[in-house]
Amino acid sequence: MASTDMPTAAATGAPVTELKGVGTALALKLERLDILSVQDLILHLPSRYQDRTRIVPIGGLKPGDEAVIEASIRAADVVQGRRRSLLCRVQDGSGATLTLRFFHFNAAQKNSLRPGARLLCFGEARPGPAGLEMVHPEYKLLKGNGAAVMADRLTPVYPLTEGMTQNRIRSLITLALEWMSREGLEDLLPETLLKQWKLPDLPTSLHYLHHPPVDADQTLLLEGKHPAQRRLAMEELLAHHLSLQKARQQVQQQGAPVLKATGALSRPFLDALPFTLTAAQLRVAREVARDLQKPLPMLRLVQGDVGSGKTVVAALAALQAVENGLQAAVMAPTEILAEQHYINFSHWLEPLGIKVAWLAGKVKGKAREAQLAAMRTGEAQVVVGTHALFQEEVTFADLGVVVIDEQHRFGVHQRLSLKEKGRHGTRSPHQLIMTATPIPRTLTMSAYADLDCSIIDELPPGRTPVQTVVIADSRRDQVVERVRQACEAGRQAYWVCTLIEESEALQCQAAEVAAESLKEALPQLRIGLVHGRMKAAEKADIMARFKAAELDLLVATTVIEVGVDVPNASLMIIENPERLGLAQLHQLRGRVGRGSVESFCVLMYHAPLSKQGRERLGVMRETTDGFRIAEKDLELRGPGEVLGTRQTGLMQFRIADLTRDADLLPHIHQLARELEQLPALNDALIRRWLGSGDIYAQV
Ligand code: ADP
Ligand code: MG
């Protein structure tokens, strides 16, 4: 076993090609599993185990069991079914029989698998036409009276990539473990901690997880709750936490412009609003204003449910920059949302003599040149846009505040890149990040350990919660009738068509078809259609007409998810809501219930619903509390989906699981504080777990 105090700093980064027999081709395959170094290979843990240590009587097999059997062939026949196959009827001492089925076999195989032959098989028992069968089992013929040689440990099953077999990766990992015993792999967790938590040391944990003993608790291992797994999960969570903390420290080593809250612009702005701020808005606005007066860059996340009024808070932050002669940039993830912000900001700020610039992909040619120039010279004090603001051609005169709406749709990368744009010598802009998807506390603590958090936990007065109805699409006629009644009573309604596949074209087509059939069914109503493939001007025109109540019913794809604000719309129909995540449904539903009339949301599903689908729609019916919905979403779909980070690469854990290991998180914070004095250890942990993928390294 490796001694834990061996110097291994150099060894930890050893590439997989250090291992015997690993060349470039194999290294490339491993790279697809995010395995670059020998250490990565060692940390590639089995997803489950097989028990090849004992022989199971055929009579004791249940469908789905993976097991070793020892049996003799009673009959072997090649049959011509839908596919030609070799069927061997085998029987063991228990007297029970089972079929081995081979679709691919050669003459030699067929010859050796004949009646009387004795063999040892490993495979999964599945129900077949004549009782249980094993399809293409691994098998070994037993000669004479020779006894079977069984495994003495559980056999690991690893996540694979194309062109890689279990046997291949098993032998590679065995090599890697031998390498570890030779070279050592430093245990980065302090011994006191391991003692306190009764956790095994690193090499012991790794040997155990790759080759557990026969008596290992497989249920515990499958659940990921074995002390050896907990130990690794804890180390990984700690590494992530430390890297976020480091990012934050590095940002805060830079200075930021001190932005005094003079009130010169914010006061007239607030006076002109047709409402007064809620207590929650005021509290969060004050937290932001206080941060902006400090010479350190603000890093603040504002969470607030749909409709809680985050935009006003963002506007106040922007105004504080302008009051001090600096610029503010406001960025949103979709063109529609960005446009909505642009409309709001121009409407609010231009009367105060502030020029608001607008940049999105569709702003082209001369208009684009003009906007870019206004941003560069500082003529535009506030800039609103999409991710187009990240592009290289974009420069600011002097950026004081960056507001990012719906942050989780942008990667950390992008967030950092916009901040780079605002860098002025050693000075960074302040960052305000807003999200309408409430993020469960466990996630904020880990995914946003680099951010301070404010919560707008109150909706403006006069809103009535939306009533949600779940109904099968076989009752579509009743739903259409309901739309007619609502619209004839002077209300407006949305009809939302969801994504069928990952194809925008198909979704738009579905919306077109739905609009046509609704026009036929409801000739008395004024019906409009918006979808992602329409020209922006056309879209904007339809939206404007709906807002002005010139349309009764708006048929839309999920593009209306964010940004539309029509208080008179009090009914929303969502077709096939089972296709959407809870967070997205919650966002959509937030488009109604903005006025004082009672609003309804009809979730019109297509039967049959999966168990999870039923559960999800049930949650929507039961609650309108965004935080509860988010918690449930996390439980049902896992953190990757909830944060939308699959694509962005943020928060990908090898071993830890935020739901399963949630109880560790509070301790991680405590630990991180204790480790603050050990920068070398911190860096080693970050390197081990985030490796070259340490996206924070470049802050
Ligand atoms: P979100 O938090 O979803 O971004 P918005 O900022 O778009 O919410 O606000 C939703 C709606 O509520 C807007 O029409 C906005 O003008 C209005 N609003 C915001 N704050 C208040 C308030 N304090 N009182 C009444 N209406 C408000
Ligand atoms: Mg908003």
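Values quoted throughout were computed directly from the atomic coordinates according to the rules given, and no laboratory measurement underlies them. Just so it is clear, the model here is predicted, and its values are computed rather than measured. Note that we place each Cβ from the backbone using ideal geometry, even for glycine, and neighbour counts take in every protein chain shown.
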(request) Measure nothing but the geometry: give the 0 to 90° angle between the long axis through the Cα atoms of 679-690 and the longest principal axis through the Cα atoms of the chain, rounded to 10°. (result) 70 degrees
(request) Treating only the Cβ atoms of Lys and Arg (+1) and Asp and Glu (-1) as charged, compute the dipole magnitude of the chain about its Cα centre; round to the nearest 20 debye. (result) 1100 debye
(message) Which order do the peptides 35-46, 466-477 come out in when sorted by mean C-beta neighbours inside 10 angstrom, highest first?
(response) 35-46, 466-477
(request) Express in % the proportion of alpha carbon pairs of segment 218-303 at distances exceeding 19 Å. (result) 63 percent
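Could you pull out the pairs from Lys29/Lys611; Lys355/Lys547; Lys355/Lys539 whose alpha carbons sit more than 27 Å apart here?
Lys29/Lys611
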(request) Positive end of the charge dipole of the chain (Lys, Arg +1 and Asp, Glu -1 on Cβ, about the Cα centre): tell me which of Ala357, Leu61, Ala228 has its Cα farthest that way. (result) Leu61
(request) Would you mind giving the three semi-axes, in whole Å and largest first, of the ellipsoid equivalent to segment 551-612 according to its Cα gyration tensor? (result) 22, 12, 11
(message) Using the crude model of +1 on Lys and Arg Cβ and -1 on Asp and Glu Cβ, and no other charge, please compute the dipole size for segment 86-185 relative to its Cα centre, in debye to 20.
(response) 400 debye
(request) For segment 531-604, run through the trypsin sites (Lys or Arg not before Pro) and keep only the ones in DSSP coil with at most 12 other Cβ atoms within 10 Å of their Cβ. (result) Lys535
(request) Using only Cα atoms, figure out Rg for segment 45-177 and give it as a multiple of 2.2 N^0.38 Å. (result) 1.11
(request) Would you please state which residues of segment 29-55 a label at Asp215 would reach in this model, taking the label point 7 Å out along Cα→Cβ and a backbone N cut-off of under 19 Å? (result) 51-55
(message) Ratio of alpha-carbon Rg to the 2.2 N^0.38 Å globular estimate for segment 161-233, to two decimals, please.
(response) 1.23
(message) Whole percent per 10 Å bin, from 0 to the bin with the longest distance: what is P(r) over all C-alpha pairs of segment 22-70?
(response) 21, 30, 18, 26, 5
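What's the local net charge at Thr276, with K and R +1, D and E -1, over the other residues with C-beta under 14 Å away?
0
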(request) Using amide H atoms built 1.01 Å from N in the peptide plane, name the residues 5+ places from Ile573, or on other chains, whose amide H lies under 5 Å from its own. (result) Tyr494, Trp495, Val496, Val602
(request) Along Cα→Cβ, 7 Å out, is where each label goes; now give me the distance between the ones at Val480 and Lys362 in nm to one decimal. (result) 3.1 nm
(message) Between helix 504-521 and the chain, what is the angle of the helix's C-alpha long axis to the longest principal axis, kept within 0 to 90° and rounded to the nearest 10?
(response) 60 degrees
(message) Between helix 279-292 and the chain, what is the angle of the helix's C-alpha long axis to the longest principal axis, kept within 0 to 90° and rounded to the nearest 10?
(response) 90 degrees
(request) Choose one of Thr426, Leu237, Val469: the residue whose Cα lies farthest towards the positive end of the charge dipole of the chain (beta-carbon charges +1 Lys, Arg; -1 Asp, Glu; about the Cα centre). (result) Val469
(message) Between Thr53 and Asp625, what's the calculated FRET efficiency when r is the beta-carbon distance and R0 is 60 Å? Round to 0.05.
(response) 0.75
(request) Using only Cα atoms, locate the centre of segment 96-111 and the centre of segment 258-305, then give the distance between them in Å, rounded to an integer. (result) 74 Å
(message) What FRET efficiency comes out for Ala279 versus Ala607 if R0 is 51 angstrom and r is the Cβ-Cβ distance? Round to the nearest 0.05.
(response) 0.70
(request) Evaluate segment 457-590: find the radius of gyration of its Cα atoms, find its Kirkwood radius, and give the ratio Rg to Rh. (result) 0.94
(message) As a test of understanding, state the convex hull volume per residue of segment 287-340 from its alpha carbons, in Å³.
(response) 99 Å³
(message) Could you work out [θ]222 nm for the chain from helices alone, using -39500 (n - 2.57) per DSSP H run of at least four and dividing by all its residues? Round to the nearest 500 deg cm²/dmol.
(response) -11500 deg cm²/dmol
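Would you mind putting 149-158, 392-401 in packing order, based on average other-beta-carbon counts within 10 Å, highest first?
For the peptides 149-158, 392-401, the packing ranking is 392-401, 149-158.
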(request) Just flag the GluC sites (Glu not before Pro) in segment 159-265 sitting in loop per DSSP whose Cβ has no more than 10 other Cβ atoms within 10 Å. (result) Glu162
(request) Kindly put Thr174, Thr24 in sequence by how many other C-beta atoms sit within 10 Å of each C-beta, fewest to most. (result) Thr24, Thr174
(request) Let me know the charge dipole size of segment 202-271 about its Cα centre in debye, to the nearest 20, where only the beta-carbon of Lys, Arg (+1) and Asp, Glu (-1) is charged. (result) 500 debye
(request) With a ≥ b ≥ c taken as the square roots of the eigenvalues of the C-alpha gyration tensor of segment 22-111, please select rounded if a/c is under 1.5 and otherwise prolate if a/b is larger than b/c or oblate if it is not? (result) oblate
(message) Past the 44 angstrom mark, what percentage of all C-alpha to C-alpha distances in the chain do you count?
(response) 40 percent
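Which pairs, out of Lys20/Lys198; Lys260/Lys310; Lys20/Lys143; Lys294/Lys362; Lys110/Lys143; Lys294/Lys632, put more than 28 Å between their alpha-carbon atoms? Write out the running numbers ahead of the final one.
Values: Lys20/Lys198 36 Å; Lys260/Lys310 21 Å; Lys20/Lys143 34 Å; Lys294/Lys362 37 Å; Lys110/Lys143 17 Å; Lys294/Lys632 38 Å.
Flagged as over cut-off: Lys20/Lys198; Lys20/Lys143; Lys294/Lys362; Lys294/Lys632.
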(request) Rank Leu571, Ala247, Ala521 by how far each Cα sits towards the positive end of the charge dipole of the chain (+1 on Lys, Arg Cβ; -1 on Asp, Glu Cβ) and give me just the farthest. (result) Ala521
